[in-house]
Amino acid sequence: MLRAGGRRLLAPGLRRLGFGAAGEAGPAAAAAAGVRAYHERVVDHYNNPRNVGSFDKDDPNVGTGLVGAPACGDVMKLQIRVDEDSGKIVDACFKTFGCGSAIASSSVATEWVKGKPMDEVLTIKNTEIAKHLSLPPVKLHCSMLAEDAIKAAVKDYEAKKAKVGPKGEDSPSEKAAEA
Amino acid sequence: MWRRGAGLLRPHLAAAAAATGRVRRHPAPHIPAVPYSSASSSSCRQILGTFRHSIGVQYRRLLSQAGGGGGSDACWSCGVAGAFLSCGSCGSVQPVDPAVDYFQIFGLNKEYNIKDNNLEGRYKEWQKKLHPDLVHSKSELKLEGIHVDEEKTINDPKLLMEMMEIREAVNDASDSQTLEKIQSQVKEKLETWSHSFQEAFEKKDFDRAIEATQRMRYYERAVEETVKKL
């Protein structure tokens, strides 16, 4: 069951492969004809994933969350760009290799974290994402992946800041060591 | 002929009980030697057949779980020695050596004319330890201890970064030559980790066994993707 869902497609590939722009009907039809009828929001995020991409993981203002669902073989990367002074997340992006629900969950997550302070995004629960996308119980773990990715990204950012020190100065040598 | 489906276990039991009951009701001296032994052996066979079946089910289950093993009389689950059919210490059902016969199972001398009227009692004693209804959940609980929570997410950066890179490479590959190259590399990793799993499982290093299955799942997914694109 999980495997069947996990075999779908990859969001990052959508744009690159031109699905987002040209093949609008393709993936939508596939999702509709599939064994499970996805909620329109899932289909929407799947066809037009928001904020697909990558930030430089060595940028001191970027936090990277990398999580996986080993049962499905899914992997999700969610990155946040934080404004150092306000502590707010100014930008977010993701790259997910997984099923439609995992892609939609991470797409929603990037939308929800943008413009919010870090401590606030930590309160985002997978159940809220699942509810928003009307995910069936068997797909709840996909939203869990998104929740964990947000937490991991914040943790990564904070760890970076702690390493650099309270001065907020980022020494190039330190960045090189991390990379 | 006496080997029936698992669903017939209860009727079997009832039949066996009725058969032995019938035998016992007749006072032995009045029964001619031949009919007596045939009645006795038929009830015996019924019991043994049922019994063998229930053990067979467990055995197959164990085989699929423990990957065979056997030979020694140390419990596969807790390692305590002297485990025969059921472990006296942890209650786990043990793999059955096909050489074991029913005389051994029931602690009887190997003779044709069995004069053991407590056969049913012994059978029931074994059933108390081996009946699928009882040991099924038990062995599954045992396995829970080493079972991967399928809903759980992982955050091992090394593993995930590797998987991310493989999937990106598959995604970015534009010609079949590149895809085939990636595929063979991933298949090689799959093979390596499959061996690691086997080794870890045999050593009961379950943490490593779990990591191996996780990696294998990721490699399998990557191979699936290359197949889709090829």
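The values are calculated or read from the model by the stated rules, or taken from the named source; none is laboratory data. Quantities reported herein were computed from a predicted structural model and do not represent experimental measurements. Every residue, glycine among them, receives a Cβ derived from its backbone with ideal geometry; neighbour counts consider all protein chains shown. Heavy atoms of the whole protein, side chains included, go into the accessibility calculation; ligands, DNA and RNA do not. Shrake-Rupley method; radii C 1.70, N 1.55, O 1.52, S 1.80 Å.
Quick notes on this structure:
- Label-point gap, in nm, between B:His131 and A:Val138 - each point 7 angstrom along Cα→Cβ: 3.4
- If R0 equals 41 Å, the separation of the Cβ atoms of A:Glu128 and B:Lys229 corresponds to a calculated FRET efficiency of about 0.70.
- Spatially proximal lysines relative to B:Lys203 (Cα-Cα < 29 Å; intrachain offsets below 8 disregarded): B:Lys129, B:Lys138, B:Lys142, B:Lys152, B:Lys158, B:Lys187, B:Lys189
- You can think of it this way: the chain between B:Arg122 and B:Asp175 has 12.2 nm of extra reach, that is 0.36 nm per residue less the Cα-Cα gap.
- Taking all protein chains together and rolling a 1.4 Å probe, A:Glu158 ends up with roughly 90 Å² accessible.
- Of the whole protein surface, B:Trp76 contributes about 50 Å² of accessible area at a 1.4 Å probe radius.
- Whole-Hz couplings from phi, Karplus 6.51/-1.76/1.60, listed for region A:103-113; x for Gly and Pro: 5, 4, 4, 6, 5, 4, 4, 5, 5, 6, 7
- Point-charge dipole on Cβ atoms (K/R +1, D/E -1) for region B:69-129, about Cα centre, debye to 20: 180
- Estimated buried accessible area (total), pair A and B, 1.4 Å, Å² to nearest 100: 2300
- Rounded to the nearest 10 Å², the accessible area of B:His195 at probe 1.4 Å: 90
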